[in-house]
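See below for the structure under consideration.
The values are calculated or read from the model by the stated rules, or taken from the named source; none is laboratory data. Quantities reported herein were computed from a predicted structural model and do not represent experimental measurements. Positions of Cβ are backbone-derived with ideal geometry, glycine not excepted, and every protein chain shown enters the neighbour counts.
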Amino acid sequence: MTDQLFFDTDCMSSFLWVKKENILLQLFPGRIVLPQEVFEELSNPSIPHIRAKISSLCTNKDVIIKQIIANTEEFTIYYELAISPPKGEIIIGRGEAAALALAKAYNGIIASNNLKDISKYVDKYRINHVTTGDILVLALNNGLIDESTGNQIWSGMLSKRRLLPAVSFSDFLRKCT
């Protein structure tokens with residue numbers, strides 16, 4: 001299990017909001033994992049189309065749901081990040097904490113845009129990390145999208161209040177090189 005991607009809510013919802021989850025399915029078939037905490041956040045009844053889409057992806061086994069079990073390495077990490085951090089540390093969101101804990105325990109990759117909250121732990125636990133922007137670059141490099149389509153997707157994500165590090169996909173590409 002060295003190549004599973006453990007998504008947090010923001011990264012997964014970036015694709016769901018613009019109806020581009022097919023990019024994830026093409027790039028990472030059988031490798032997409034949602035912590036139970038993220039599944040619950042995405043199953044919010046006030047956003048029925050996101051709830052329906054994530055339920056369908058799980059039913060079709062395109063996405064795997066993973067629970068954190070008590071008395072495991074991932075539980076210890078999760079608890080420290082989301083419930084009771086060491087003195088001087090801040091609590092991070094449950095979705096990010098669960099994705100970090102599972103990525104660490106299963107030697108996976110965390111898919112998250114929330115660099116402010118997770119960067120310290122990505123470094124501490126030596127976890128591989130990708131963002132929505134990285135995934136779109138991978139889609140571009142694999143011929144799944146072109147730059148123009150990337151800009152349309154990026155714009156749609158921004159219009160749904162997804163926090164992205166550039167004003168356009170083209171701008172993100174320039175910053176990456």
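Report whether or not residue 145 is under 15 Å from the mean Cα position of the chain (by Cα) and either surrounded by 15 or more Cβ atoms within 10 Å (Cβ to Cβ) or in contact (Cβ under 8 Å) with a residue 12 or more places away in the chain (or both). It is false that residue 145 is under 15 Å from the mean Cα position of the chain (by Cα) and either surrounded by 15 or more Cβ atoms within 10 Å (Cβ to Cβ) or in contact (Cβ under 8 Å) with a residue 12 or more places away in the chain (or both). Considering region 120-142, and only residues there that are part of a loop (DSSP other than H, G, I, E, B) and surrounded by fewer than 13 Cβ atoms within 10 Å (Cβ to Cβ), the residue that is modelled with the lowest pLDDT turns out to be 126. Residue selection: residue 114 satisfies the criterion of being closer than 28 Å to residue 177 by Cα, crowded, with 16+ Cβ neighbours inside 10 Å and at pLDDT below 95. Within region 160-171, the set of residues being of a type in the set (S, T, N, Q) and either within 15 Å of residue 11 (Cα to Cα) or under 17 Å from the mean Cα position of the chain (by Cα) (or both) is empty. Residues in region 60-99 that are free of Cβ contacts under 8 Å to residues at least 24 places away in the same chain and among the basic types (Lys, Arg): 61, 87. With respect to residue 24, is the statement that it is in contact with a strand residue (DSSP E or B) (Cβ under 9 Å, 6 or more places away or on another chain) and modelled with pLDDT of 95 or more true? In short, yes.
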